[in-house]
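> Quick one: this structure, given as structure tokens, is what I'll be asking you about.
The values are calculated or read from the model by the stated rules, or taken from the named source; none is laboratory data. As the structure is a prediction and not an experimental result, all values here were calculated from the model. A quick note on method: Cβ atoms are made from the backbone with ideal geometry, for glycine too, and the neighbour counts reach across all protein chains shown. These area figures cover heavy atoms from the full protein model, side chains too; ligands, DNA and RNA do not enter into them. Shrake-Rupley method; radii C 1.70, N 1.55, O 1.52, S 1.80 Å.
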Amino acid sequence: MSKVKQTAYSPPELFFPERPNYRELPWLTLGATDSAHKVFFVSNGNGPLAVKAYVGEKARARATHEKNMLNLIREAGFLTLTPTGVQENRDGSAAFLLTQYVPDLSSMSSVVQNRSHDVAQQVRRTAATLGGYNGLGLSHGDAQIKNFVIDPRAKRHIMVIDPEKGGSQEFGHIKNDPFQHDLDSLVQSLAYKGYGGKNPNQAGDKIIEDVITPYVLGAERVGTSGFDPHQIGETALTTFLDKHSDVNYRNS
């Protein structure tokens, strides 16, 4: 059987024909998120599940890697989604990561965008979470602000999602200089969101206060795994200021 072209069908159209015991739950959503992944929701009679599709080359391996990363994150004591399994289509054209559905999640991207009253506190918690995460030897691989979310049932803790490009000391890292990449990704995504305002000095001070300092403290709290969080923070500040200048120049 020939493989289905990546652009031919939507993820649900790839999923349901081979799984007649599942039904779609189109009224469910991820909550206030802006994930680039087209997650959809299903049930097989045992409660709602979220489904993330992987299409094309090494689809099953990529889905399995993210499932393993989610388990590592949970084992390390961080909030994340709970995987229930990986399924693959018979022709190998697509694989699907199934996780338990969590209602009413709010993306930190939305929190920053909406300038909610506790935005600074939640950004600090996000940075501290990433620092602790890196300090334990885990990398995210795409640590943009949108890949951290808030569960309203645990508002004092930040949930880590979409670690498909992540890694660990035990299994290796996908990205070069993975911890620097993580913090750079976070500060650049905040620059795109206009965090800290248009004045570069004020924005830089805001990033030091709300991101770099909590990140360093979060890393040092768990004991860093062979990297210097202070140096990573200094480089990330330069990265932020460069991106801040670029964003504001293009928007002027």
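> Output the number of residues of the range 223-252 satisfying the condition of being of a type in the set (S, T, N, Q), part of a helix (DSSP H, G or I) and under 22 Å from the mean Cα position of the chain (by Cα). If you could, list the steps in order and put the result at the bottom.
At the first step, the residues of the range 223-252 found to be of a type in the set (S, T, N, Q) are 224-225, 231, 235, 238-239, 245, 248, 251-252.
Within this subset, residues satisfying the condition of being part of a helix (DSSP H, G or I) are 231, 235, 238-239, 245, 248.
Remaining after also requiring under 22 Å from the mean Cα position of the chain (by Cα): 235, 239.
The qualifying residues number 2.
> For THR29, all conditions in the list (1) at pLDDT below 85; (2) closer than 14 Å to VAL86 by Cα hold save one; what is the number of the exception?
(2)
> Any chance the range 231-246 includes a residue that's at pLDDT 95 or above, open to solvent by 80 Å² or more (accessible area, probe 1.4 Å) and of a type in the set (A, V, I, L, M)?
Taking every residue of the range 231-246 in turn, none turns out to be at pLDDT 95 or above, open to solvent by 80 Å² or more (accessible area, probe 1.4 Å) and of a type in the set (A, V, I, L, M).
> Looking at GLU220, is it open to solvent by 40 Å² or more (accessible area, probe 1.4 Å), touching a helix residue (DSSP H, G or I) at 6+ places or on another chain (Cβ under 9 Å) and part of a helix (DSSP H, G or I)?
Working: open to solvent by 40 Å² or more (accessible area, probe 1.4 Å): yes; touching a helix residue (DSSP H, G or I) at 6+ places or on another chain (Cβ under 9 Å): yes; part of a helix (DSSP H, G or I): yes.
Yes; evaluated as a whole, the condition is true for this residue.
> Follow-up. Within the range 150-161, can you find the residues that are in a loop (DSSP other than H, G, I, E, B) and surrounded by 23 or more Cβ atoms within 10 Å (Cβ to Cβ)?
To start, the set of residues in the range 150-161 that are in a loop (DSSP other than H, G, I, E, B) comprises 151-158, 161.
Selection gives ILE158, ILE161.
> Residues in the range 44-56: is at least one out of contact with any Cys (no Cβ under 6 Å at 6 or more places or on another chain), loosely packed, with under 13 Cβ neighbours inside 10 Å, modelled with pLDDT under 95 and under 18 Å from ASP162 (Cβ atoms)?
The answer is no, given that none of the residues of the range 44-56 is out of contact with any Cys (no Cβ under 6 Å at 6 or more places or on another chain), loosely packed, with under 13 Cβ neighbours inside 10 Å, modelled with pLDDT under 95 and under 18 Å from ASP162 (Cβ atoms).
> Out of all the residues in the range 3-13, is one or more in contact with a helix residue (DSSP H, G or I) (Cβ under 8 Å, 6 or more places away or on another chain) and either modelled with pLDDT of 95 or more or of a type in the set (A, V, I, L, M) (or both)? I'd like the intermediate steps shown before the answer.
To start, the set of residues in the range 3-13 that are in contact with a helix residue (DSSP H, G or I) (Cβ under 8 Å, 6 or more places away or on another chain) comprises 4.
Subset that is either modelled with pLDDT of 95 or more or of a type in the set (A, V, I, L, M) (or both): 4.
Yes: the range 3-13 contains one or more residues that are in contact with a helix residue (DSSP H, G or I) (Cβ under 8 Å, 6 or more places away or on another chain) and either modelled with pLDDT of 95 or more or of a type in the set (A, V, I, L, M) (or both).
> Taking the range 162-217 as the region of interest, how many residues are small (Gly, Ala, Ser) and surrounded by 18 or more Cβ atoms within 10 Å (Cβ to Cβ)? Full working, then the answer.
Our first condition is that a residue be small (Gly, Ala, Ser); within the range 162-217, this holds for 166-168, 172, 185, 189, 191, 194, 196-197, 203-204.
Checking the rest, the ones that are also surrounded by 18 or more Cβ atoms within 10 Å (Cβ to Cβ) come to 166-168, 185, 189, 191, 196, 203.
Residues in the range 162-217 being small (Gly, Ala, Ser) and surrounded by 18 or more Cβ atoms within 10 Å (Cβ to Cβ): 8 in total.
> Could you please find all residues in the range 55-78 being in a helix (DSSP H, G or I) and touching a residue at least 60 places away in the same chain (Cβ under 8 Å)?
ARG62, HIS65, GLU66, ASN68, MET69, LEU70, LEU72, ILE73
> Within the range 168-188, does at least one residue satisfy the condition of being part of a helix (DSSP H, G or I) and touching a residue at least 60 places away in the same chain (Cβ under 8 Å)? Walk me through it before giving the result.
Keep residues of the range 168-188 that are part of a helix (DSSP H, G or I), which gives 178-188.
If we keep only those that are touching a residue at least 60 places away in the same chain (Cβ under 8 Å) as well, we get 186.
There is at least one residue in the range 168-188 that is part of a helix (DSSP H, G or I) and touching a residue at least 60 places away in the same chain (Cβ under 8 Å).
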